[in-house]
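The values are calculated or read from the model by the stated rules, or taken from the named source; none is laboratory data. In this text, all values refer to a predicted model and were calculated from it rather than measured experimentally. All Cβ positions, even for glycine, are placed from backbone atoms using ideal geometry, and neighbour counts span all protein chains on display.
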Amino acid sequence: MTKSNPSSCLLLFMWKWRFALLACAVFSAWLLAGPWILAKTPLRNWLLRKIAGSEEFMIESQDASFGYFSSLSLSGIRIETNDNRAKIHVEKIEAERS
């Protein structure tokens, strides 16, 4: 029968708590920064293309604002077909908070 060392049990307990706190901190940071990351990085255009769901045209925007306390907006939107026959430019689309 082996006896566990009390100091090793305490050390293991502390490491588990540190890991749990670190995981919570990373999750909280992602939750708070997620809208900004989606709006200000190339993920914005990737998301627009996935939402459009068509390979026949390309959609891009120059800027976006996704936030918890502000209204959603896209600006500088450009939509064009792959054969460059149709091009659409929209200055700004903004959603109202309800």
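Quick notes on this one:
- Only one of the numbered conditions (1) of a type outside the set (Ser, Thr, Tyr); (2) surrounded by 13 or more Cβ atoms within 10 Å (Cβ to Cβ); (3) at pLDDT 90 or above is not met by Cys24, and that is (2).
- Region 75-87 residues that are free of Cβ contacts under 8 Å to residues at least 60 places away in the same chain and on the phi > 0 side of the Ramachandran plot, paired with ones that are in a loop (DSSP other than H, G, I, E, B) and not aliphatic (A, V, I, L, M) (beta carbon under 6 Å, 6 or more apart): Gly76/Ser61; Gly76/Gln62
- Only listed residue being at pLDDT 90 or above and under 12 Å from the mean Cα position of the chain (by Cα), chosen from Arg78, Arg44: Arg44
- Matching residues, region 61-80, being hydrophobic (A, V, I, L, M, F, W, C), touching a Ser or Thr at 6+ places or on another chain (Cβ under 9 Å) and part of a strand (DSSP E or B): Ala64, Leu74, Ile77
- Sole exception among (1) modelled with pLDDT of 85 or more; (2) farther than 29 Å from His89 by Cα; (3) over 12 Å from the mean Cα position of the chain (by Cα) for Gln62, by number: (2)
- Counting the residues of region 81-98 that are outside any loop (DSSP other than H, G, I, E, B) and surrounded by 10 or more Cβ atoms within 10 Å (Cβ to Cβ) gives 7.
- Counting only residues that are part of a loop (DSSP other than H, G, I, E, B) and closer than 13 Å to Ile77 by Cα, region 35-52 holds 0 of them.
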